[in-house]
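Report on one structure; see the data block that follows.
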Amino acid sequence: MRDEEWIMVRRPTVADLWNPCSSDSTSRPLKVIFNEPAKYWTDALPVGNGRLGAMIWGGVASELIQLNEDTLWTGVPGDYTNPNAPYALSEIRKLVDSGEFAEATAAAAKLVGNPADVYQLLGDIKLEFDDSHLNYDKESYQRELDLDNATVQIKYTVDGVEFSREHFASNPDQVMVTKISGTKPGSVSFTVYLDSKLDRHCKTNSESQIIMEGHCPEKRIPPQVYADDKPKGIQFSAVLDLKISKGNGIVHILDDSKLRVEGSDWAILFLVASSSFDGPFTKPSDSKKDPTSDSLNVLKSISNLSYVDLYAHHLDDYQNLFRRVSLQFSKSSRSVVCLKKNQDGRVPTTAERIKSFQMDEDPYLVELLFQFGRYLLISSSRPGTQVANLQGIWNKDLEPKWDSAPHLNINLEMNYWPSLPCNLSECQEPLFDFLSSLSVNGRKTAEVNYETSGWVVHHKSDIWAKSSADAGDVDWALWPMGGAWLCVHLWEHYTYTMDIDFLKDKAYPLLKGCGLFLLDWLIEGKGGYLETNPSTSPEHDFIAPDGNRASVSYSSTMDMAIIKEVFSVIVSAAEVLDKNEDDLVKRVRKAQSRLYPTKVAKDGSIMEWAQDFQDPDVHHRHLSHLFGLFPGHTMTIESMPDLCKAAENTLHKRGEEGPGWSTMWKAALWARLHDSEHSYRMVKHLIYFVDPEHEKAFKGGIYSNLFAAHPPFQIDANFGFTAAVAEMLVQSTLEDLYLLPALPRDKWGNGCVEGLVARGGVTVNICWKEGNLHRLGLWLKNRKSWRRFRLHYRETMVSVILSCETMYTYNGRLDCVNTYSLL
């Protein structure tokens, strides 16, 4: 063969090698669809690059694009210590020891601190079009968010001219981009300006730029601002840059703060923003950052890039993350894979599909909601950003509900549940950065407030890494287990990635500090046990034996479950890092056998407190006493079947009602019990339409744009949904892989999931038909050359050895039918 006859052939990818289903595997568009502009904030469509976020309303004659930047918060670094706390602590412990729980609860108010600070908004881009747009063809209107390319597109027709707008937020270029175009030359005319509810000043910088400079309040309750004030809160700047078509179009400056485009073929808006925030330990008044200069530098860095270049960068970055996992469900092999149309031939809107779900149980909507959770995580949490807060990064209010602050007694943790199993480990990095900052302030809080070593964090924090108890009721404010729960994520990150450098350099030092606090926090109790005192079960009260309502006692089941989990993690990490002889590890091992055990109540449920107190609200939203089952691992079907039966009784007792995040925690708990029927019931329970004008508090549900409801909007249930579905399909330990453990066979009878990750660093592909496993694909990507696993499917268990960079495929009987090298 002559040289010129040689051709280059690329090495096969996993996608090339994985073709498990002979039936039609046509992918369905992953789109959130509307046929009219938004009427409410929860109709608007979210975009984000991790740091910058926007809600796009899709108005025709006037458009509103609401903006967020994740470092805009009220306040300044705080002092999270209370020198009087040790005296109060001693008093509370004596009251608990004497059984005076109501009195201990009242005294515990002395341990709560100042309120956390508040997440703010950035502002708005406002667009005003010609009056002709008031008479647009309503039948032509389309508005959609395409999850596959993270782009919002709006189309409508005015007098035969089709107008379109495209919006995306680029992470690699740190810019939000909007392109406006019309099919008729010279048809694009509009006025654009910036605005904000925060104190701000807007000015044009040229015929193509608007600069908005402002600041956040120094205190969480904004004081009246005067012209001669020198604000000390976080400063911000947003810069809007405008480009129009060459040849056609002209730009005018209006009122020194607005830009007017006339007769252009197209226009592109570039929005960049920066703040003076320089970390949680630097006062805004001491920051050397210049937000306006930083924003202009970002624009300068992209000045030579075309719209096509920017969009290509955006797609390459985003799809590298999003396309790692695919999911398809159908009820049976005869189900139609395409999206059904309405009687008028129109594709139904997402709101219509949510409203019909209780009747048709459309599995495609489950797919869409699963992937929407992954989209939101990619869009709100990236390396170098802040953690995804109670609303991710999307917020329209100066005083959002619950401050939109990270809540550490379930909500922040749930935000990151899908990051590892759903193949988005990079998106978890902000959580560990935040945890490092919390440990710094938490060390001072532990030393001063509780006279312990190590570090502590309570239930609620903010951008300043607040570590002390928040202001408010004791039943939720006094809970020093927030940092300990977050530490479990450190070990989980290692088990999924097998990154030993992360374990050694990042995780173990934080685990060590947490372990030192827990060892000192535990005190000698009755019966030779170590106990926590004071102790609460998050946000829940009990009826004390004297008939009084209280929340403070000792050794709540959640306290003990979290401590058991952290101690187990420390021991496991020490074994990996060869630190078994460390003093900390020896102390932890000694304490493990003395921790208060989980007990079963007289009614057969798990006891929530150390005593079998009367529960005044058996349907309470929190599932705190089931932490050991999920997300913990100290209660398993194999090792503790009796306690798991009690956990099942507990879930029945709690019922199905509750806010969105509670519903999804229940779904994951039922999945961990391998109960597909009840796990699916909770999935179905979440997917009912919430009308913003008729919200019912604590009832959950889904808004028209797929945002999950508490109500109001809380993003945790979106992430919890994605994690719960993944848990229904794959569960794992470092030695075991459970396949389809909670698959609702009558609801998702056929399907295929590709790209989920199991502990041990295994990527998992599964295909099933008529409810039965059809094909399995596994491969390792970590640096360890091989790993042994036990594969579990129903009653079958098979031991396998997986080598690195090799893909193994198995049939429904778990026979290995093929291996492929990925090198």
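The values are calculated or read from the model by the stated rules, or taken from the named source; none is laboratory data. This structure is a prediction, so every number in the text was calculated from the model and none was measured. Note: ideal-geometry Cβ built from the backbone for every residue, glycine included; neighbour counts use all protein chains shown. These accessible areas exclude ligands, DNA and RNA; they are computed on the full protein's heavy atoms, side chains included. Shrake-Rupley method; radii C 1.70, N 1.55, O 1.52, S 1.80 Å.
Couple of notes before you dig in:
- When the surface is traced with a 1.4 Å probe over the full set of protein chains, Y554 keeps roughly 30 Å² accessible.
- Using only side-chain charges placed at the Cβ, +1 for Lys and Arg and -1 for Asp and Glu, the dipole size of the chain relative to its Cα centre rounds to 1640 debye.
- Distance violations [Cα-Cα > 20 Å] among K355/K396; K300/K396; K401/K696; K94/K526; K39/K396: K355/K396; K300/K396
- Spin-label model, R324 to D617: label points 7 Å out along the Cα-to-beta-carbon direction sit 3.7 nm apart.
- By average C-beta atoms within 10 angstrom, highest first, the peptides 709-717, 361-369: 709-717, 361-369
- Taking a ≥ b ≥ c as the square roots of the eigenvalues of the Cα gyration tensor, segment 706-795 is classed as oblate, since a/c reaches at least 1.5 and a/b does not exceed b/c.
- Estimated [θ] at 222 nm from DSSP helical runs (n ≥ 4, -39500 (n - 2.57)) normalised by residues in the chain, nearest 500: -8500 deg cm²/dmol
- Counting only the Cα atoms, segment 261-317 fills a convex hull of 119 Å³ per residue.
- When you filter the trypsin sites (Lys or Arg not before Pro) in segment 681-751 for DSSP loop state and at most 12 other Cβ atoms inside 10 Å of their Cβ, you are left with K696.
- Computed over all pairs of different Cα atoms, the Kirkwood value for the hydrodynamic radius of the chain is 28.2 Å.
- Inter-label distance, L814 to N84: 6.2 nm, where each label sits 7 Å from its Cα along the C-beta direction.
- Here segment 170-314 is assigned +1 on the Cβ of each Lys and Arg and -1 on the Cβ of each Asp and Glu. Its dipole about the Cα centre then comes out at about 200 debye.
- FRET E, pair V440, K110, Förster distance 25 Å, beta-carbon r, rounded to 0.05: 0.50
- Intensity falloff of segment 386-496 expressed as log10 I(q)/I(0), Debye formula with alpha-carbon point scatterers, at q = 0.17, 0.19 Å⁻¹: -0.81, -0.99
- D (Stokes-Einstein, µm²/s), Kirkwood Cα radius, segment 42-159, 1.002 mPa s at 20 °C: 111 µm²/s
- Considering only A54, N297, L310, and ranking their Cα positions along the charge dipole of the chain that arises from unit charges at the beta-carbon of Lys, Arg, Asp and Glu, the one farthest toward the positive end is L310.
- For the peptides 88-97, 149-158, the ranking by mean Cβ contacts within 10 Å, running from highest to lowest, is 149-158, 88-97.
- Dipole axis of the chain (+1 Lys, Arg; -1 Asp, Glu on Cβ), positive-most option in Q328, M607, G701: Q328
- In sequence order, segment 482-490 has phi-based couplings of x, x, 5, 4, 4, 5, 4, 5, 5 Hz under the Karplus curve 6.51 cos²θ - 1.76 cosθ + 1.60, θ = phi - 60°, and Gly or Pro positions carry x.
- Packing here is the average count of other Cβ atoms within 10 Å per residue, and on that basis the peptides 774-782, 33-41, highest first, run 774-782, 33-41.
- Under the Karplus curve 6.51 cos²θ - 1.76 cosθ + 1.60, θ = phi - 60°, whole-Hz ³J(HN,Hα) for segment 408-425, x wherever Gly or Pro sits: 9, 9, 3, 5, 5, 4, 4, 3, 10, 4, x, 4, 7, x, 9, 6, 10, 4
- Heavy-atom accessible surface of the chain: percent carbon and sulfur, 1.4 Å: 48 percent
- Positive-end residue, segment 339-494 charge dipole about Cα centroid, Cβ charges, pick of W455, N395, F372: F372
- Global form of segment 762-823, assessed from the alpha-carbon gyration tensor, a/c cut-off 1.5: prolate
- Rounded to whole Hz, the Karplus (6.51, -1.76, 1.60) HN-Hα couplings of segment 597-605, x for glycine and proline: x, 6, 10, 9, 6, 4, 8, x, 9
- Hypothetical label at L577: residues of segment 500-527 whose amide nitrogen lies under 14 Å (7 Å Cα-Cβ projection): 500-516
- Between segment 140-205 and segment 755-823, the alpha-carbon centres lie 45 Å apart.
- Full extension of the chain segment joining D97 with I801 gains 248.1 nm, where the gain is 0.36 nm per residue of separation less the Cα-Cα distance.
- Taking all protein chains together and a 1.4 Å probe, the residues K401, K526 rank K526, K401 from largest to smallest accessible area.
- Straight-line cross-link reach from K747 at under 17 Å between alpha-carbon atoms covers these aspartates and glutamates, not counting any fewer than eight positions away in the same chain: D360, E361, D362, E367, D675, E677, E727, E770.
- Cα Rg over Rh - segment 647-696, Kirkwood: 1.03
- Charge dipole (debye, nearest 20) of segment 572-712; +1 at Cβ of Lys and Arg, -1 at Cβ of Asp and Glu: 240 debye
- Share of Cα-Cα pairs in segment 456-580 lying beyond 21 Å, as whole percent: 46 percent
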